[in-house]
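The values are calculated or read from the model by the stated rules, or taken from the named source; none is laboratory data. If you're wondering where the values come from, they're calculated on a predicted model, not measured in any experiment. Cβ sites come from the backbone with ideal geometry, for glycine too, and all protein chains shown count toward neighbours.
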Amino acid sequence: MKRILLLLLTFISCGIYAQDLPNNPEPGKCYVRCTTPDTYVNEDVQIMIKPAHKVLKTYPAEYKTVTESVLVKEASKN
């Protein structure tokens, strides 16, 4: 049973992928499906191996002591 089913599927798949030749070919004419050859072009391509990046520089913090006097309210006489 498996062999008959496999044989049947083989014939169906061969019929589907057959060339599209005419049903009533004229005698003396050749019917062949022609394929165009592949075209190859050489191109120079640049590939980035290592991406460009900026170097991060760190600077040490600078501290200084500042003394400020803040006036909250002007002096007044009431």
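All conditions but one from (1) modelled with pLDDT of 75 or more; (2) loosely packed, with under 10 Cβ neighbours inside 10 Å; (3) not hydroxyl-bearing (Ser, Thr, Tyr) apply to residue 14; the one that does not is (1). When region 51-72 is filtered for residues that are of a type in the set (D, E, K, R) and modelled with pLDDT under 85, only 54 remains.
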